Amino acid sequence: MILLLTLAALAAAQQPQTAELSWRPALPRQGSLVVVLAPRAALGELAGEPLHFEGGQSFAAVPLDAADSIELHIVIRHDGVVEGNTAILPVAVRSRESAEQLRAADRFTPEPDSALLVRLGRERALSRDAARRAHDVPRLWTRPFIRPRDTRVTSPFAAGREVNGVWRTTHSGLDLAGRTGAPVRASNRGVVALVGDFFYGGRSVYVHHGAGLMTVYQHLSRPLVAVGDTVERGQIIGRVGATGRVTGPHLHWQAMYGAIAFDPTDLLTLTLPPAASPD
């Protein structure tokens, strides 16, 4: 069965539901977290990332570069019958902030030489591997996600970045203010997947929360955890710093579903049903 849900239908109904499949928000933006509801779903996929259904619900994420729609696939098993469903999930354009003009150390201005390209390739591979492994971890949290620092946002998600006069990238996380040495807390319960010192991200901690979710904490002056550590919601896992490509001390907080970065603030507003305590 193919469900074709148009933007016009969404505007009229605001809740694109069928007996088998719906999602919230009804019209997700580029670079956003989504909750997929499919009561009898066994498997699913959105934007190339597998879904993890629990109680008929799963998180998913819309890439920042998604077009105006994206296919959502699920497989339903009922009374011994396996049925594949495909929905056209509409996507709203995310309004972009004006490009930020940043000044970092001069070593970040030239094009990477061969040695740096090798390092960057190695670091990307580590990050991709951590993202892939996020799908192998069962859900570890039972309580809502929190911000790692309760301070002002100094750079929003999806802002354009011009560094030292050269266009570089679109911001894949949220920057939170902080002085060097200020505490950085885990957004929720999880297991430390990766700790490293990266060229752009500086000293970083990656935490698997399970069911495809991972949060990343970058530019730290000092990580306080090691790979394999279980961390609790609100636990101090590092200290604010100015390592990597920065203009000054702050925390770069990133949220990912598999390999898809989404606005971390969505973690604070979207929820799944309570899970049994992992303890």
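The values are calculated or read from the model by the stated rules, or taken from the named source; none is laboratory data. Here the structure is a predicted model, which means the values were calculated and not measured. Ideal geometry is used to build each Cβ from the backbone, glycine not excepted, and the neighbour counts take in all protein chains shown.
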If we ask which residues in segment 237-270 are out of contact with any Leu (no Cβ under 6 Å at 6 or more places or on another chain), more than 24 Å from PRO63 (Cα to Cα) and of a type in the set (A, V, I, L, M), their number turns out to be 2
Condition set part of a loop (DSSP other than H, G, I, E, B) and of a type in the set (S, T, N, Q), scope segment 207-252, selection farthest from SER155 (Cα to Cα): answer is GLN235
Residue hits (segment 105-125; farther than 25 Å from THR247 by Cβ and either touching a Phe, Trp or Tyr at 6+ places or on another chain (Cβ under 7 Å) or modelled with pLDDT of 95 or more (or both)) are VAL118, GLY121, ARG122, ALA125
Of the residues in segment 234-274, those that are farther than 17 Å from ARG189 by Cβ, surrounded by 17 or more Cβ atoms within 10 Å (Cβ to Cβ) and β-branched (Val, Ile, Thr) come to VAL240, THR243, VAL246, ILE260, THR265
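Return yes or no: is SER58 more than 29 Å from ALA242 (Cα to Cα), at pLDDT 90 or above and touching a His at 6+ places or on another chain (Cβ under 8 Å)?
Spelling it out, SER58 is indeed more than 29 Å from ALA242 (Cα to Cα), at pLDDT 90 or above and touching a His at 6+ places or on another chain (Cβ under 8 Å).
Hey, among LEU64, LEU43, which residue is modelled with pLDDT of 90 or more and more than 30 Å from HIS171 (Cα to Cα)?
Values: LEU64 fails: more than 30 Å from HIS171 (Cα to Cα).
Sole residue among the options that is modelled with pLDDT of 90 or more and more than 30 Å from HIS171 (Cα to Cα): LEU43.
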Out of (1) at negative phi; (2) in contact with a strand residue (DSSP E or B) (Cβ under 8 Å, 6 or more places away or on another chain), the one ALA211 does not meet is (1)
Going through (1) among the aliphatic types (A, V, I, L, M); (2) buried (at least 16 other Cβ atoms within 10 Å of the Cβ); (3) more than 24 Å from THR269 (Cβ to Cβ); (4) at pLDDT below 95 one by one, LEU174 fails only at (3)
